[in-house]
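**Student:** Input: one structure, supplied below.
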Amino acid sequence: MTMFFRRIIIAVLGLLGGLAAWPAMQLLLSRQTSFPSFLLFSLISGALLGLLFGAFFSSAAGIIARRLDRLFIGMGIGALLGTIGGAFGFLVAQRVFLFFGERLALADGSLRTIGLPVSRALGWAVLGTCIGTVEGIRVHSWRKMVTGIVGGFLGGIVGGAVLELLATLFPSSGIASLAGLILLGIAIGLAYSIVERRMSYGVLRILNGPHKGKEFILNQNRILIGSGKRCEVLLSDYDKVEPVHAVLRAKNRELTLSSDLAGEQLIVNDTQVEERLLKYEDVLKIGTAKLLYKQE
């Protein structure tokens with residue numbers, strides 16, 4: 001799978017998250033008066049949104065890798081962390097709204113019309129940040145967490161501003177609410193993808209065999225290459241590939257390739273190596289698989 005299709009998948013998952021969130025939020029809104037406090041309503045709303053968006057976004061790794069085990073594990077962890085992050089995000093969002101809302105409510109009409117959606121968008125940005133960090137927490141990667149924080153915040157504030165603007169312009173329209181949640185999900189997905197691209201070390205593209213053309217984005221400080229299920233660069237359909245055949249380690253924006261175990265054959269540009277600082281256009285041979293290291 002190429003990086004283009006990877007980004008399409010992440011954006012589509014955001015869209016699906018928005019579609020799933022809409023009926024859930026409509027149901028909660030219809031029962032809002034039964035909640036003893038607005039705080040409890042906000043916490044449950046945030047937890048539900050976080051659960052849905054977290055589950056959808058965290059399924060991306062399994063879908064892209066075509067791994068059902070990683071898909072369901074990712075969805076479960078994403079739903080759990082998303083629930084916690086969503087509740088926290090809505091709690092912060094409520095405080096942000098109250099702080100700015102009180103001041104904007106006293107302002108003139110035009111400022112209130114623009115300012116209130118913007119202040120609420122900051123709350124959605126907090127929710128987007130919490131959702132964006134789920135994948136990084138799941139794989140214990142601080143780099144992915146930073147990607148999620150930046151991408152989630154940017155996507156959340158842009159998508160949230162659009163959502164709130166639609167809600168202000170069409171306060172009684174369910175379609176506007178649906179469109180806003182869909183755009184929020186897509187915005188978070190696209191922003192995450194853009195930031196991920198900027199923060200990555202490049203990609204490895206398979207040049208031969210059954211997965212020719214498939215690309216692996218290199219966006220962690222430690223990346224395992226091999227035939228084992230825990231490897232980020234999975235080469236299970238190639239011969240002579242050990243469960244963990246090689247490791248990529250990042251330092252100062254550079255990647256060093258090394259053999260994980262003594263005696264494993266590791267070839268770069270037709271030369272056998274034990275360790276090598278990778279350069280763009282290097283060709284790696286791991287077992288029977290050939291991979292090109294390149295920029296996106």
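The values are calculated or read from the model by the stated rules, or taken from the named source; none is laboratory data. Please read these numbers as outputs of a predicted model, since none were measured by experiment. Methodologically, a virtual Cβ is constructed for each residue, glycine included, from the backbone with ideal geometry; neighbour enumeration extends over all protein chains shown. Heads up: the accessible areas ignore ligands, DNA and RNA and are worked out on the full protein's heavy atoms, side chains in. Shrake-Rupley method; radii C 1.70, N 1.55, O 1.52, S 1.80 Å.
**Student:** If you find the alpha carbon centre of region 42-82 and of region 152-198, how far apart are they in angstrom?
**Tutor:** 18
**Student:** Can you tell me how much longer the chain between Arg222 and Leu68 gets when fully stretched, taken as 0.36 nm per residue apart minus their C-alpha distance, in nm with one decimal?
**Tutor:** In short, 53.1 nm is gained.
**Student:** Treating only the Cβ atoms of Lys and Arg (+1) and Asp and Glu (-1) as charged, compute the dipole magnitude of region 196-296 about its Cα centre; round to the nearest 20 debye.
**Tutor:** 340
**Student:** Starting from the Kirkwood radius over alpha-carbon pairs of the chain, derive D by Stokes-Einstein at 25 °C in a medium of 0.890 mPa s and give it in µm² s⁻¹.
**Tutor:** Answer, rounded: 120 µm²/s.
**Student:** Could you tell me the convex hull volume per residue, in Å³, taken over the Cα atoms of region 147-296?
**Tutor:** 123
**Student:** Sticking with this one: Roll a 1.4 Å probe over the protein chains and send me the accessible area per residue for the chain in Å².
**Tutor:** 49
**Student:** Here's a follow-up. Of Ser173, Ser193, Ser42, which has the largest mean-square fluctuation in a 10 Å C-alpha GNM of the chain?
**Tutor:** Maximum fluctuation in the GNM of the chain, among the listed residues, is at Ser173.
**Student:** Largest first, how would Trp124, Trp22, Trp142 line up by accessible area (1.4 Å probe)?
**Tutor:** Of Trp124, Trp22, Trp142, the descending order of accessible area is Trp142, Trp22, Trp124.
**Student:** Hey, another quick one. Taking the chain as a Gaussian network, where each spring joins two C-alpha atoms under 10 Å apart, which residue of Lys251, Lys240, Lys144 fluctuates the most?
**Tutor:** Residue with maximal mean-square fluctuation among Lys251, Lys240, Lys144: Lys251.
**Student:** Within the chain, how many Lys pairs that are eight or more residues apart, or on different chains, come under 22 Å at the alpha-carbon?
**Tutor:** Lysine pairs meeting the criterion: 26.
**Student:** Follow-up question, since we're still on this one. Kindly list the residues of region 230-255 that lie in the label zone of Tyr280, defined by a backbone N under 14 Å from the point 7 Å along the Cα-to-C-beta vector.
**Tutor:** What the label zone holds, given the 14 Å backbone N cut-off, is 254-255.
**Student:** Pulled fully out, how much extra length does the chain show between Val139 and Ala250, if you take 0.36 nm times their separation in residues and subtract their Cα-Cα distance?
**Tutor:** Residue separation times 0.36 nm, minus the Cα-Cα distance, leaves 38.4 nm.
**Student:** Order the following by accessible area, largest value first: Cys130, Cys231. Probe radius 1.4 Å; ligands, DNA and RNA are ignored.
**Tutor:** Result of the area sort, largest leading: Cys130, Cys231.
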